[in-house]
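Values quoted throughout were computed directly from the atomic coordinates according to the rules given, and no laboratory measurement underlies them. Keep in mind that what you see is a predicted model, and the values were worked out from it rather than measured. Using ideal geometry, Cβ is built from the backbone for each residue, glycine included, and neighbour counts are taken over all protein chains shown.
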Amino acid sequence: MKPSTVLLVAAQLAALVAGCATPLPAATGAAAGGGDATLVANADAAVSDANTQDTAGGDSANPGAANPDAVASDAKAVDVPPPAADAAAADTIVPGPDAALPVDAAEPTCAAKFGTPTDKKVSTSGIYTVELDGPLQAAPGTLQPYQIRVTAGAAGEAVVQQAISVTYIHTQMGHGGLKTPSIEELCKGIYKVKNVQPSMGGTWALGFTLAKSDVVKFSIIVKN
């Protein structure tokens with residue numbers, strides 16, 4: 001095959017690739033006079049047109065079609081937001097180590113502050129009932145812890161904020177102990193007795209005046 005024929009075939013193939021419906025005219029080298037140069041020029045022109053159309057992203061068969069490479073290069077990444085947190089989990093509050101305890105767990109109830117009664121007396125008027133929590137025997141010079149629970153009526157209603165006075169007297173000698181006793185209300189109907197300290201052996205009277213002459217007395221035996 002002559003070189004001029006090869007160039008002609010190449011030019012026609014390039015024209016077809018570029019979408020040219022009409023093939024390039026064939027010219028013989030003898031009629032054109034220097035036909036090889038003409039064929040080479042036509043082939044170069046066809047290849048140049050094809051390259052120009054490819055670079056522009058066009059399609060000769062479908063001019064409106066976009067170049068897929070160009071579309072891919074213009075695409076932008078879209079940020080996808082993270083999944084929303086579970087609303088139920090967000091509303092859940094885990095308490096810390098410093099969270100406040102319920103009242104019942106943080107402090108004993110009033111009734112729990114009173115131990116097992118060691119003695120029980122009814123006042124001289126019969127209105128009040130006094131239960132004693134503390135030892136009925138003691139040694140000289142020792143401070144004795146006492147509590148009383150005061151109730152009123154058959155229903156045993158707690159007596160609160162009662163102005164109660166307390167005495168601690170040696171029944172044979174008529175004197176008091178080493179300290180002056182006092183009393184304070186702990187909670188509903190329960191009172192703490194402080195500074196009960198006998199100075200010697202014998203029988204001591206731990207007395208409570210509830211209202212005017214309404215009195216309750218407990219005997220405490222002090223042994224040397």
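Can you tell me the length gained on complete extension of the stretch Thr109 to Leu178, counting 0.36 nm per residue apart and subtracting the Cα distance?
Working: separation 69, 0.36 × 69 = 24.84 nm, distance 3.29 nm.
Extending this stretch completely gives an extra 21.5 nm.
Report the full-extension gain for the segment Gln161 to Asn195: residue separation times 0.36 nm, less the Cα-Cα distance, to one decimal in nm.
On the way: separation 34, 0.36 × 34 = 12.24 nm, distance 2.05 nm.
Contour length minus the Cα-Cα distance gives 10.2 nm.
Could you pull out which residues in the range 207-221 have an amide N less than 15 Å from a spot 7 Å beyond the Cα of Ser125, following the Cα-Cβ vector?
Under 15 Å, as judged by backbone N against the label point of Ser125, lie 208-216 of the range 207-221.
Rank the residues Cys187, Cys110 as a footprinting-exposure proxy: fewest other Cβ atoms within 10 Å of their Cβ go first. Walk me through the numbers on the way to the answer.
Values: Cys187 17, Cys110 14.
Final ranking by Cβ density, sparse to dense: Cys110, Cys187.
For Leu132, what is the net charge nearby, where nearby means another residue's Cβ is under 15 Å from its Cβ and Lys, Arg count +1, Asp, Glu -1?
On the way: positive: Lys113, Lys120, Lys121, Arg149, Lys192, Lys194, Lys217; negative: Asp119, Glu131, Asp133.
Neighbourhood net charge equals +4.
Once the piece of chain linking Ala211 and Gln137 is laid out straight, how much longer is it, given 0.36 nm per residue of separation minus the C-alpha distance between them?
23.9 nm
PRE reach from Thr203 (point 7 Å along Cα→Cβ): which of the range 171-192 fall under 14 Å by backbone N?
Taking a point 7 Å out along Cα→Cβ of Thr203, the residues of the range 171-192 whose backbone N falls under 14 Å are 171-174.
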